[in-house]
Amino acid sequence: RRNKLEPKLRILCRNMLQVFYGSSDAKQKVLDIFGKNRNNTLAALDYADLFSPDKGHIYFEDLRKLISKHWDCFKNIIGPDQNKALRHLEFINEFRSDAHAKQIAEDDFQMVRLSFGFYEEKLKEFVS
């Protein structure tokens, strides 16, 4: 499910930041969340290319940071409760079985399912 959700979150972040700030300022906002090495490497890319999985190397955690730092861009789509929205992203990222190859407790598994459902519901009308 994460492999379907992450591209939609990339599109959401790319579009909402661009609409809210304009391409140039949005690009700087994205670059600001990276460390110095990544910032230097990615600064030459066009704004849209920053969000390309083949070019920009924006990670799931980067998307969470963008949503957190620029909540005003996303609150009308994701909902009014920023803490809840960010907790859902943290659960999804923390319990990525493909990345961590570990067993998770049933309670955590159910929470991850709820977290996916939360974002799938929020994004279904915005990103198809």
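The values are calculated or read from the model by the stated rules, or taken from the named source; none is laboratory data. All values reported here derive from a predicted model rather than from experimental measurement. Ideal geometry is used to build each Cβ from the backbone, glycine not excepted, and the neighbour counts take in all protein chains shown. Areas reflect the complete protein model, heavy atoms only, side chains present, ligands, DNA and RNA absent. Shrake-Rupley method; radii C 1.70, N 1.55, O 1.52, S 1.80 Å.
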- Task: Have a look at Phe116, Leu86, Ile67 and report the one farthest towards the positive end of the charge dipole of the chain, computed about the Cα centre with Cβ charges (Lys/Arg +1, Asp/Glu -1).
- Result: Ile67
- Convex hull volume per residue in cubic angstrom - Cα atoms of segment 11-53: 64 Å³
- Average accessible area per residue (Å²) across the chain - probe 1.4 Å, nucleic acids and ligands excluded: 59 Å²
- Taking every C-alpha to C-alpha distance in the chain and binning by 10 Å from 0, the per-bin percentages run 12, 44, 33, 10, 1
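Among the listed pairs Lys36/Lys69; Lys65/Lys124; Lys55/Lys124, give every one whose C-alpha distance is greater than 24 Å.
Working: Lys36/Lys69 18 Å; Lys65/Lys124 21 Å; Lys55/Lys124 26 Å.
Among Lys36/Lys69; Lys65/Lys124; Lys55/Lys124, the Cα-Cα distance tops 24 Å for Lys55/Lys124.
Relative contact order for the chain using alpha-carbon pairs under 8 Å, separation at least 6, rounded to a whole percent?
Working: 94 pairs, mean separation 36.3, N = 128.
Result for the chain is 28 percent.
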- Sulfur and carbon atoms: percent of accessible area, the chain [1.4 Å]: 46 percent
- Note on the structure: So, relative contact order of segment 1-67 in percent, Cα under 8 Å, 6 or more apart, is 34 percent
- Query: For Asp81, what accessible area in Å² do you get when you roll a 1.4 Å probe over the heavy atoms of the protein chains, rounding to the nearest 10?
  - Reply: 70 Å²
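Going from most exposed to least, what order do Phe109, Phe74 have by accessible area with a 1.4 Å probe?
Details: Phe109 90, Phe74 0 Å².
Heavy-atom accessible area, descending, gives Phe109, Phe74.
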- Note on the structure: For Phe34, the net charge from surrounding residues (Cβ-Cβ under 13 Å; K, R +1; D, E -1) works out to +3
- Can you give the helix-only mean residue ellipticity at 222 nm for the chain, where every DSSP H stretch with n ≥ 4 adds -39500 (n - 2.57) and the sum goes over all residues, rounded to the nearest 500 deg cm²/dmol? -22000 deg cm²/dmol
